[in-house]
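Take a look at the following structure, please.
The values are calculated or read from the model by the stated rules, or taken from the named source; none is laboratory data. Because the structure is predicted, anything quoted here is derived from the model rather than measured. Here Cβ is always computed from backbone atoms with ideal geometry, including for glycine, and neighbour counts include all displayed protein chains.
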Amino acid sequence: MTVGPEPLMRMRLRVEQDIFVVRQLGREVAREVGLDQQDQTRLATALSEVGRVVMADGSDADVTFDVRLDGVSTAIQVAVTRPLSDRGPRLSEELAHVGRLVDKLEVEHGETGTVVWMARRLPASAPPLTPDRMDEIRAGLSRHVPSSPIDELHVQNQQLIAALDEVRSQRDDLARLNAELEETNRGVMALYHQLSEELEETNRGVVALYAELDEKSEQLAAASEAKSRFLANVSHELRAPVTAVIGLSRLLADGASDPLTDEQGEQVGLIRTTAGDLLTLVNDLLDLAKAEAGRLEPNWEQVDLRTMFGQLRGTLRPLATRPEVDFRIDEPAVGSMRTDEVLLTRVLRNLLTNALKFTAEGEVRLAVRETGGDLEFTVTDTGTGIPPELHERIFEEFYQVPGSKALSGKGTGLGLPYARRLAGILGGGLRADSTPGEGSTFTLRLPAS
Ligand code: ADP
């Protein structure tokens, strides 16, 4: 859409001198509508070049300047019209280089003649072209007095010098930027080399460290294996003589043998109790050594938890002698699971025995529930409790909480490490939560299937 019914300016090209005039006018119009210096030169040069080409065969041409709005931007538009001729089709080729000076250049062959359309968009910062402003520009242009070709040549030369200066300064800027870029690249490369050397060095260190670690863990595994083998052998060898001592002391105390004096009876009793304690220790050691040596192969089968809980209730009830302690084995909330029944029973019996040993009043309770795809067995008591900093230490071999006194029986300090070992063999884990004076909860977590 053009602004106003009238074009901005019209002129006719008849003689060669008119090309200088149209060039001046083009620059003038470009300045008035708000194009910058460079764009003014571009439009003026494009116009004089189009004028030169269309008049080359001596024909006249009409030039119309107008302003176009396309909804998004405003552009100055120039139409150069000349009568049709057989040069028409070649015009587009001859004007191809002019297209680089403007945003649009089109050649149209109509009934009335050939029209060369050119357009250059105005910058967003250009002042708005209201109808009043357009009238003002029209009036200004109509007063325009063309200067001589020599003056126009002078202006052109000045524009050329300015353009050359600008090109040189841009070339200098480019050279400076290139130098800076090169410098930065060198810096980046140096940094990269330094980093990759450091990385290589670190990698070498890590590899060496891993090799050392592997060697150490092999040594550790060998030492642990040797320890377990030694424990297993010694405890196995000890079992026979200790059992013999127990048998012999029982024989001595038997009524069928020669009667003993009171003093002798007491001493034989002492021998028997001590040998009994020793046998417990030897058995516990043997169990632990076997578990540690990886010689325990679980026998996986579907285990009915209800039956298993019933058996635990039966075997442990005789230990729960204190009437102040409520011994509760809940009906299992889960019917069955895939595990090793013997090993699982050992862990739970161990935890329940401990709970009964350290609980004077309140309750000792076993429960099981499903949680996140696992089964959680909890043995809870209201006994003496364990200080928080010892919750992990009690799983170390032979460790017993200082000052803790079992209400019944003596311990070896091997029960919990053994239970945790078995939990691991069954694919799960065992942990303790406890508050001194309030009680403890031991949680055995095993995969449900
Ligand atoms: P033991 O019971 O033979 O001494 P354990 O390895 O089973 O050995 O337990 C180690 C120690 O942890 C116990 O000596 C005791 O001090 C503490 N302990 C274990 N279970 C409980 C519990 N339910 N309440 C309080 N203390 C406990």
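Would you pick out the residues in region 262-311 that are under 24 Å from Val368 (Cβ atoms) and either surrounded by fewer than 16 Cβ atoms within 10 Å (Cβ to Cβ) or small (Gly, Ala, Ser) (or both)? Explain how you work it out, then say what you get.
We begin by selecting, within region 262-311, every residue under 24 Å from Val368 (Cβ atoms); these are 287, 291, 296, 298-311.
Answer for region 262-311, where residues must be under 24 Å from Val368 (Cβ atoms) and either surrounded by fewer than 16 Cβ atoms within 10 Å (Cβ to Cβ) or small (Gly, Ala, Ser) (or both): Ala291, Pro298, Asn299, Trp300, Glu301, Gln302, Asp304, Arg306, Thr307, Gly310, Gln311.
Shifting gears a bit: In region 367-386, which residues are of a type in the set (A, V, I, L, M, F, W, C), free of Cβ contacts under 8 Å to residues at least 60 places away in the same chain and within 12 Å of the ligand (Cβ to nearest atom)?
Our first condition is that a residue be of a type in the set (A, V, I, L, M, F, W, C); within region 367-386, this holds for 367-368, 375, 377, 379, 386.
Those still in the list that are free of Cβ contacts under 8 Å to residues at least 60 places away in the same chain too: 367, 386.
Scanning region 367-386 gives a single hit, Ile386.
In region 281-322, what count of residues is obtained for those that are of a type in the set (Gly, Ala, Ser) and touching a strand residue (DSSP E or B) at 6+ places or on another chain (Cβ under 7 Å)? Walk me through it before giving the result.
Of all residues in region 281-322, those of a type in the set (Gly, Ala, Ser) come to 289, 291, 293-294, 310, 314, 320.
Checking which are touching a strand residue (DSSP E or B) at 6+ places or on another chain (Cβ under 7 Å) leaves us with 320.
Number satisfying all stated conditions: 1.
Something else about it: Taking only region 362-403 into account, find how many residues are hydroxyl-bearing (Ser, Thr, Tyr) and closer than 28 Å to Leu305 by Cα.
Keep residues of region 362-403 that are hydroxyl-bearing (Ser, Thr, Tyr), which gives 371, 378, 380, 382, 384, 399.
Then drop every residue that is not closer than 28 Å to Leu305 by Cα, which leaves 371, 378, 380, 382.
Qualifying residue count, region 362-403: 4.
Next question, about the same structure. For the subset of region 322-357 comprising residues that are within 13 Å of Val368 (Cα to Cα) and buried (at least 19 other Cβ atoms within 10 Å of the Cβ), which member is farthest from the ligand (Cβ to nearest atom)? Even if it seems obvious, please write down each step before you answer.
First pass over region 322-357, keeping only residues within 13 Å of Val368 (Cα to Cα): 328-337, 344, 348.
So of that shortlist, the ones also buried (at least 19 other Cβ atoms within 10 Å of the Cβ) come out as 329, 332, 337, 344, 348.
Values: Ile329: 16, Pro332: 21, Met337: 24, Leu344: 17, Leu348: 13 Å.
The extreme case among them is Met337.
Something else about it: Return the residues of region 99-126 that are of a type in the set (A, V, I, L, M, F, W, C) and modelled with pLDDT of 90 or more; say none if nothing qualifies. Steps first, please.
To start, the set of residues in region 99-126 that are of a type in the set (A, V, I, L, M, F, W, C) comprises 101-102, 105, 107, 115-119, 122, 124, 126.
Of everything in region 99-126, those that are of a type in the set (A, V, I, L, M, F, W, C) and modelled with pLDDT of 90 or more turn out to be Leu101, Val102, Leu105, Val107, Val115, Val116, Trp117, Met118, Ala119, Leu122.
A follow-up question, please. Being within 58 Å of the chain's Cα centre (by Cα) and assigned to a helix (DSSP H, G or I) narrows it down to one of Leu164, Leu153, so name that one. Before you say what the answer is, go through the steps one by one.
Working: Leu153 fails: within 58 Å of the chain's Cα centre (by Cα).
None of the other options fit; the residue is Leu164.
Scan region 264-275 and give yes if some residue there is free of Cβ contacts under 8 Å to residues at least 60 places away in the same chain and within 60 Å of the chain's Cα centre (by Cα), otherwise no.
We begin by selecting, within region 264-275, every residue free of Cβ contacts under 8 Å to residues at least 60 places away in the same chain; these are 264-275.
Then keep just the ones that are within 60 Å of the chain's Cα centre (by Cα); that gives none.
The answer is no, given that none of the residues of region 264-275 is free of Cβ contacts under 8 Å to residues at least 60 places away in the same chain and within 60 Å of the chain's Cα centre (by Cα).
Among residues belonging to region 393-414 that are in contact (Cβ under 8 Å) with a residue 24 or more places away in the chain and of a type in the set (Gly, Ala, Ser), point out the one that is nearest to Ala289 (Cα to Cα). Reasoning before the result, please.
Initially, region 393-414 is screened for residues in contact (Cβ under 8 Å) with a residue 24 or more places away in the chain, giving 394-395, 397, 404, 406-412, 414.
Subsequent filtering for residues that are of a type in the set (Gly, Ala, Ser) retains 404, 406, 408-409, 411.
Numbers: Ser404: 26, Ala406: 25, Ser408: 26, Gly409: 23, Gly411: 17 Å.
The qualifying residue nearest to Ala289 (Cα to Cα) is Gly411.
I would also like to ask the following. Determine the pairs where a residue that is of a type in the set (A, V, I, L, M, F, W, C), located within region 340-351, has a partner that is in a helix (DSSP H, G or I) and within 12 Å of the ligand (Cβ to nearest atom) with Cβ atoms under 8 Å apart, the partner being 6 or more residues away or on another chain.
Hits for this filter: Val347/Ala419; Leu351/Ala419.
Check region 422-431 and report whether any residue there is in contact (Cβ under 8 Å) with a residue 24 or more places away in the chain, within 11 Å of the ligand (Cβ to nearest atom) and surrounded by fewer than 17 Cβ atoms within 10 Å (Cβ to Cβ).
So far as region 422-431 goes, no, none of its residues is in contact (Cβ under 8 Å) with a residue 24 or more places away in the chain, within 11 Å of the ligand (Cβ to nearest atom) and surrounded by fewer than 17 Cβ atoms within 10 Å (Cβ to Cβ).
Here's another thing I want to ask about it. In this structure, is Leu129 among the hydrophobic types (A, V, I, L, M, F, W, C), part of a helix (DSSP H, G or I) and touching a Ser or Thr at 6+ places or on another chain (Cβ under 7 Å)? Lay out the reasoning, then the answer.
Working: among the hydrophobic types (A, V, I, L, M, F, W, C): yes; part of a helix (DSSP H, G or I): no; touching a Ser or Thr at 6+ places or on another chain (Cβ under 7 Å): yes.
Spelling it out, it is not the case that Leu129 is among the hydrophobic types (A, V, I, L, M, F, W, C), part of a helix (DSSP H, G or I) and touching a Ser or Thr at 6+ places or on another chain (Cβ under 7 Å).
Another question, then. Tell me, yes or no, whether region 135-152 has at least one residue that is at pLDDT 85 or above, in contact with a strand residue (DSSP E or B) (Cβ under 7 Å, 6 or more places away or on another chain) and of a type in the set (Gly, Ala, Ser).
no
Quick one: in region 388-421, of everything that is more than 10 Å from the ligand (Cβ to nearest atom) and either part of a loop (DSSP other than H, G, I, E, B) or loosely packed, with under 15 Cβ neighbours inside 10 Å (or both), which residue is nearest to the chain's Cα centre (by Cα)?
Looking only at region 388-421, we keep the residues that are more than 10 Å from the ligand (Cβ to nearest atom), and these are 388-389, 392, 407-408, 421.
Still in the list and also either part of a loop (DSSP other than H, G, I, E, B) or loosely packed, with under 15 Cβ neighbours inside 10 Å (or both): 388-389, 392, 407-408.
Details: Pro388: 35, Glu389: 35, Glu392: 33, Leu407: 54, Ser408: 55 Å.
That would be Glu392.
Tell me, please, whether a residue that is of a type in the set (S, T, N, Q) and within 56 Å of the chain's Cα centre (by Cα) can be found in region 128-136. Lay out the reasoning, then the answer.
Residues of region 128-136 that are of a type in the set (S, T, N, Q), as a first pass: 130.
With within 56 Å of the chain's Cα centre (by Cα) added as a condition, the list becomes none.
Checking region 128-136: not a single residue is of a type in the set (S, T, N, Q) and within 56 Å of the chain's Cα centre (by Cα).
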